[in-house]
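One structure is given below, encoded as structure tokens.
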């Protein structure tokens with residue numbers, strides 16, 4: 001039943017935005033050449049999620065300082081909070097995929113942050129948006145094999161372990 005909170009890939013709500021503990025559905029090397037591994041995992045794109053975490057903070061700060069009457073900022077914050085904060089109260093095991101319902105709202109927050117940057121400086125906007133897009137693409141390419149089951153060298157999987165406790 002629901003007794004015990006022992007699932008190896010369980011993670012707490014505050015770990016999801018920083019991708020502290022991805023959910024692995026499969027990891028193995030059976031039927032593969034020596035030194036190869038196949039993995040299927042569930043995680044967000046670090047460039048998108050980490051920038052969006054900053055963006056949610058930006059939205060909260062704007063609402064407390066400058067844009068109290070801005071309906072778009074309120075909509076994003078309320079929608080995000082309604083999808084994310086209930087998980088704070090859940091006593092059973094939770095997993096990173098519970099955060100996925102919040103992702104559209106953190107991405108909208110990211111767009112709002114990019115728009116605020118654009119209004120201050122076109123150059124800063126171009127650099128920020130361009131860097132974000134390139135990083136998101138590179139990280140997608142880098143992690144795709146470990147999210148899709150594509151066989152890769154075990155050394156490649158180990159290289160992508162930025163948190164040493166993550167197990168590929």
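No lab work stands behind these numbers, since they all come straight from the coordinates. Because the structure is a prediction, the values reported are computed rather than measured. Methodologically, a virtual Cβ is constructed for each residue, glycine included, from the backbone with ideal geometry; neighbour enumeration extends over all protein chains shown.
Can you say whether residue 60 is over 16 Å from residue 115 (Cβ atoms), part of a helix (DSSP H, G or I) and over 12 Å from the mean Cα position of the chain (by Cα), as far as the supplied structure shows? Criteria met by residue 60. Where residues in the stretch 73-92 are surrounded by 12 or more Cβ atoms within 10 Å (Cβ to Cβ) and in contact (Cβ under 8 Å) with a residue 40 or more places away in the chain, which of them is farthest from residue 114 (Cα to Cα)? Top of the filtered list is 87. Residues of the stretch 16-35 that are outside any loop (DSSP other than H, G, I, E, B) and surrounded by fewer than 16 Cβ atoms within 10 Å (Cβ to Cβ): 25, 26, 27, 28. The single condition from (1) touching a residue at least 12 places away in the same chain (Cβ under 8 Å); (2) under 18 Å from residue 143 (Cα atoms) that residue 28 fails is (1).
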